[in-house]
Amino acid sequence: MTKPANDFETISDDLLAQTHGGFSSQLNSAMHRAQELGLRITATTNGKHAAHSYHYQGRAADVAGAPGAMRQFYREMSKTNPTELFYDPMGGMKHGRNIGAIGGHGTHVHVAY
């Protein structure tokens with residue numbers, strides 16, 4: 001039996017604080033802003049989504065909460081060049097183009113990068 005190697009290094013607390021689980025910095029920033037607005041993250045890679053959803057690639061998040069906060073979040077995220085942004089009361093964006101509401105996003109905002 002081979003003895004396991006103990007060649008692991010630790011990282012400093014400041015570097016550890018910057019680690020965000022593999023999400024892109026844009027998605028991580030969007031989720032942080034959602035929480036600042038009092039919204040809650042309802043899905044990232046979990047949940048049931050369309051077959052080729054960005055959720056399954058770790059590139060999307062759904063956030064929900066007060067309608068006014070969701071509108072504010074949508075407005076702010078629309079300026080960050082998201083790959084997808086859906087909130088039916090305000091419309092939808094895909095690859096920088098307004099595409100209108102797509103349905104199924106009346107109670108949450110979906111953002112993907």
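I'd like to know if segment 93-106 contains one or more residues that are assigned to a strand (DSSP E or B), closer than 21 Å to residue 29 by Cβ, touching a residue at least 40 places away in the same chain (Cβ under 8 Å) and of a type outside the set (A, V, I, L, M, F, W, C). No, every residue in segment 93-106 fails to be assigned to a strand (DSSP E or B), closer than 21 Å to residue 29 by Cβ, touching a residue at least 40 places away in the same chain (Cβ under 8 Å) and of a type outside the set (A, V, I, L, M, F, W, C). Among the residues of segment 39-72, just one is under 15 Å from residue 106 (Cα atoms), crowded, with 16+ Cβ neighbours inside 10 Å and of a type in the set (D, E, K, R), namely 62. Within segment 73-113, the set of residues being surrounded by fewer than 17 Cβ atoms within 10 Å (Cβ to Cβ) and under 12 Å from the mean Cα position of the chain (by Cα) comprises 83 only. None of 38, 68 is in a helix (DSSP H, G or I) and at pLDDT 95 or above except 68. Against the conditions (1) at pLDDT below 95; (2) buried (at least 17 other Cβ atoms within 10 Å of the Cβ), residue 6 satisfies every one except (2).
The values are calculated or read from the model by the stated rules, or taken from the named source; none is laboratory data. Bear in mind the structure is a predicted one, so any value in this text is a computation, not a measurement. Don't worry about glycine lacking a Cβ; one is built from the backbone with ideal geometry, like all the others, and counts go over all protein chains shown.
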